[in-house]
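Asker: Dropping a structure here in structure tokens format, bear with me for questions.
Just so you know, all these numbers are worked out from the coordinates, no wet-lab data involved. Remember, predicted model here, so these are calculated numbers, not experimental data. Ideal geometry is used to build each Cβ from the backbone, glycine not excepted, and the neighbour counts take in all protein chains shown.
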Amino acid sequence: MVLYLPKNHTIMLVITIGESVKKRRKELKITQPHLAELAKVSTNTLYKLERGQGNPSLEVLNKLAEVLGMELKLEVKKKH
């Protein structure tokens, strides 16, 4: 699974990432507290991310992606 980070859509981006993390976590049958422990992030950070709240750092996103077997991709394109 790959997470694409579209530019100029900060609010939608957090919601989309949170939904992707939650979906993958459930596919793997991992609880929120267990995922937080495995990724070494706070449970509160994970709760907020899955609800589309907060502003997770790239470090947090990378930790979660690694545990969940996901990949983060940031695409930057030149405006035409």
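Asker: Can you list residues whose amide H is under 5 Å from VAL41's amide H, if they're 5+ apart or on another chain and H is modeled 1.01 Å from N?
Answerer: For VAL41, whose amide H was placed from the backbone, there are no distant partners under 5 Å.
Asker: Also: Between the DSSP loop rule and a limit of at most 16 other Cβ atoms within 10 Å, which trypsin sites (Lys or Arg not before Pro) in region 15-80 are left?
Answerer: Values: sites: LYS22, LYS23, ARG24, ARG25, LYS26, LYS29, LYS40, LYS48, ARG51, LYS63, LYS73, LYS77, LYS78, LYS79; in loops: LYS29, LYS40, ARG51, LYS77, LYS78, LYS79.
When the trypsin sites (Lys or Arg not before Pro) of region 15-80 are filtered for loop state and at most 16 Cβ neighbours within 10 Å, LYS29, LYS40, ARG51, LYS77, LYS78, LYS79 remain.
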